[in-house]
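J.: Structure below; questions to follow.
The values are calculated or read from the model by the stated rules, or taken from the named source; none is laboratory data. The structure presented is a predicted model; accordingly, all values stated were derived computationally and were not measured. Because the Cβ atoms are built from the backbone with ideal geometry, glycine has one as well, and the counts that use them run over all protein chains shown.
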Amino acid sequence: MNSALTRTFCRVLIVLMAWMPIHMAQAGIISTDQAIMSAQSDRAAVLNLIQRSDVAGQLQSLGVDLAAAKDRVGAMTDDEVRSLAGQLQSLPAGADGTGLVVLILVGVLVWYFFFRR
C-alpha cells in the first residue's frame, strides 16, 4: 500500500512538473517617482471603493464611520494598501460561488475515484 501510494504521488508530481509552465523572472529598477505613483494609485483605488454608496452603506451598517475608514486607509502602510488593492482587483465582479462549487465537485470526484474500495 505504501509503495503504491508513493508511486502514485511521484507520478502526479512528475505530471504536474511537466504540465506547469516555467516562467523566467525579470527584474528591473524603477524610479522613486514610479514607486510613489504606484502607491498613490493603489491608495486612491481603495479610497474610491470606500466612497462608493453601497460600500459606505455596508460599512455604516457594520458600525464603521466613513471618515474613520478613510483615516484607517490613510494610516496603512504602502505594502498593506498594495496588498488590499491587489485583492480588490482579483475579486470577481459578481462574486458568485461558481468557482467554489466547481472546486468542491472536483474534490469530491477525486476523493471518490482514488479512495473508494
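J.: Filter segment 50-86 for residues that are surrounded by fewer than 11 Cβ atoms within 10 Å (Cβ to Cβ) and either among the hydroxyl-bearing types (Ser, Thr, Tyr) or at pLDDT below 80 (or both) and give the result.
T.: Passing the criteria: SER53, SER61, THR77.
J.: Could you say whether any residue in segment 32-50 is part of a loop (DSSP other than H, G, I, E, B) and not polar (S, T, N, Q)? First the steps, then the outcome.
T.: Here is the first cut: in segment 32-50, the residues part of a loop (DSSP other than H, G, I, E, B) are none.
Scanning segment 32-50 turns up no residue that is part of a loop (DSSP other than H, G, I, E, B) and not polar (S, T, N, Q).
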